[in-house]
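Below is one structure; the comments refer to it alone.
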Ligand code: APR
């Protein structure tokens, strides 16, 4: 139910239009940003495209403060040209996990591991976010969006997403072998790490990446975020790796769950809305769906 007061172009003179817009925009900003209960008998005025709309505040609050939590994986960045892990020609078809993504592999041949991530880091510097990344950033205009990603690339942030939690670390950061929880930024101008590169304590630097068999320090904060979701969206992950894949189990019962993937992903649930598409097209369809609700 909404009442529309059209700002009649003919009647609008500079002041009126500006005043109404200003008042409306101020309320719009206040309602959306700072205060949630400026209302006229539970109705609020919002200005969209110079049209003042009076709408029950409950609609606005329901609509605007819906919390969307995204869980993304390697498929999110596939259309940017970054390989996934388990698809044909995925990274794990060309590299042995135990050699390049475990603490044991690093202990055995540190330069081999450093080179594996040096190469991925240099590749990251040559690619751009894809429309899927930009679509998620744009969702922040209408929803309260938080992204939990298994990806170590920075494409969500480069697309403008403001809240991104990295579960498995970040490629553009390093840490010392003695203190893996204290990251250092890696400059794009000097993207390579080598044996002998040390921090100020004289400890060898390693990629700030969570390797197989290592703890996932961000899992608890991630669970808290998933528990607060009104809508949960899974994009481009095969849900093969835990504890990330287990986050689905923390979605509050009855909250809608969407899954965007061009291939079939086993979830053992029949209440998930499947969008069988790549990230870019899938996020577009999802946005239309959520905004039309
Ligand atoms: N758009 C969306 N999804 C895609 C696309 C695309 N264009 N192309 C492929 N996919 C899907 C695949 O169908 C698959 O379901 O992306 C998923 C990629 O799965 P994985 O390669 O298993 O990657 P991910 O689930 O992110 O791996 C999880 O495993 O190797 C570790 O630490 C690494 O974070 C990684 C974790």
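Coordinate-derived values only; no laboratory data. This is a predicted model, so every value here is computed, not measured. All Cβ positions, glycine included, derive from the backbone under ideal geometry; neighbour counts span all protein chains shown.
Some notes on this structure:
- The distance separating the Cα centre of segment 97-158 from that of segment 200-254 comes to 13 Å.
- Computed FRET value (nearest 0.05) for residue 104 with residue 50, which takes r as the C-beta separation and R₀ as 51 Å: 0.20
- Pair residue 270, residue 285: separation of 7 Å Cα→Cβ label points (nm): 2.1
- Projecting label points 7 angstrom from Cα along Cα→Cβ for residue 88 and residue 249 puts them 3.4 nm apart.
- If R0 is taken as 30 Å, the Cβ-Cβ distance between residue 67 and residue 240 corresponds to a FRET efficiency of 0.70.
- Range of Cα positions in segment 58-131 per principal axis (Å), largest first: 60, 25, 23
- Taking label positions 7 Å along the Cα-Cβ direction at both residue 212 and residue 177, the computed distance is 2.1 nm, reported to one decimal.
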